[in-house]
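Asks: Let me give you the structure first, and then I'll get to my questions.
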Amino acid sequence: MASRRVPKVTSKEGASQCKEKHAVLLSPVGKLEISGCETGLHEIKLPKMSVLPNGAEASAGCEVCEGAEGMTEPLKQCTAWLHAYFCEPARTEQLPVPPFHHPLLQQEEMEPRPRAAGWVPAHRFTAPGRPCIIYKCNSFTKQVLWTLLRDVKFGEAISYQKLADLAGNSRAARAVGGAMRSNPIPIIIPCHRVIRSSGQTGNYGGGNLMKEWLLSHEKLQKEKLAY
């Protein structure tokens with residue numbers, strides 16, 4: 001698959017002026033609540049999965065069941081991306097990732113420069129003639145989440161230790177676990193792909209069953225795409 005497009009991130013400063021909208025999506029893993037404003041996506045809230053979906057439920061799409069009226073553009077983009085993730089995974093690399101509007105993901109846009117310690121490598125704009133921009137992470141949690149979004153692709157898995165290495169601090173495997181718990185945009189920022197070095201799946205905000213289902217879904221879809 002092609003490299004992931006990195007979304008725009010804006011600060012949630014001035015939250016009193018931020019008109020948050022909510023929508024609920026019916027997905028194969030249950031109801032996903034998404035929230036955001038005109039500027040960007042705030043959160044994706046996962047349900048707790050108590051049983052694995054199967055049959056018609058497992059093959060269901062991802063459609064809006066509440067809050068379709070007045071959805072902001074970032075929420076529409078989020079819905080389209082999640083629908084593709086569950087139904088047509090190959091399309092997720094062509095679709096724009098919705099812009100994020102959450103303080104945990106705020107980054108400082110800098111002038112183009114070589115990679116250095118503590119920096120996330122640049123996203124190259126697709127428009128001809130546009131410059132390569134580097135985004136500076138000002139916390140390890142942000143750096144971990146952006147590294148995960150950029151480097152761990154559909155159908156892949158990575159250990160907490162390896163992700164700590166990629167994020168620039170090989171001694172911070174436990175902090176990576178904390179970053180996964182803090183992730184406000186699960187599935188899009190794929191914390192379900194982070195597992196233990198032993199191969200065990202580890203914990204997940206939506207429950208271990210959901211993590212196992214998402215990993216199995218990606219493995220199966222990746223195998224289908226290989227043919």
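The values are calculated or read from the model by the stated rules, or taken from the named source; none is laboratory data. Only a predicted model underlies this, so the values are computations on that prediction, with no experimental measurement involved. Because the Cβ atoms are built from the backbone with ideal geometry, glycine has one as well, and the counts that use them run over all protein chains shown. These accessible areas exclude ligands, DNA and RNA; they are computed on the full protein's heavy atoms, side chains included. Shrake-Rupley method; radii C 1.70, N 1.55, O 1.52, S 1.80 Å.
Residues are listed down the side, and each one gets a yes or a no for (1) in a strand (DSSP E or B); (2) at pLDDT below 95; (3) β-branched (V, I, T):
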{"position": "V6", "(1), (2), (3)": "no, yes, yes"}
{"position": "E13", "(1), (2), (3)": "no, yes, no"}
{"position": "L26", "(1), (2), (3)": "yes, yes, no"}
{"position": "E43", "(1), (2), (3)": "yes, no, no"}
{"position": "E57", "(1), (2), (3)": "no, yes, no"}
{"position": "G70", "(1), (2), (3)": "no, yes, no"}
{"position": "Q77", "(1), (2), (3)": "no, no, no"}
{"position": "W81", "(1), (2), (3)": "no, no, no"}
{"position": "A84", "(1), (2), (3)": "no, no, no"}
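Asks: Something else now. If you check I189 against the conditions, is it surrounded by 21 or more Cβ atoms within 10 Å (Cβ to Cβ) and touching a strand residue (DSSP E or B) at 6+ places or on another chain (Cβ under 6 Å)?
Replies: No.
Asks: Restricting the search to region 184-227, which residues are touching a Ser or Thr at 6+ places or on another chain (Cβ under 8 Å) and closer than 20 Å to F100 by Cβ?
Replies: Of everything in region 184-227, just one residue is touching a Ser or Thr at 6+ places or on another chain (Cβ under 8 Å) and closer than 20 Å to F100 by Cβ, namely V194.
Asks: Okay, moving on. Could you list, in sequence order, all residues of region 59-91 that are surrounded by fewer than 20 Cβ atoms within 10 Å (Cβ to Cβ) and β-branched (V, I, T)?
Replies: V64
Asks: What are the pairs, 6+ residues apart or on separate chains, where a residue within region 61-82 that is more than 13 Å from H22 (Cα to Cα) and charged (D, E, K, R) has its Cβ under 9 Å from a residue that is modelled with pLDDT of 90 or more and surrounded by 17 or more Cβ atoms within 10 Å (Cβ to Cβ)?
Replies: Listed by first residue and then by second, the contacts come to E63/L25; E63/S27; E63/T79; E63/H83.
Asks: Restricting to region 155-181, and then to whatever is assigned to a loop (DSSP other than H, G, I, E, B) and under 21 Å from W213 (Cα atoms), can you tell me which residue is least open to solvent (accessible area, probe 1.4 Å)?
Replies: Out of the qualifying residues, it is G155.
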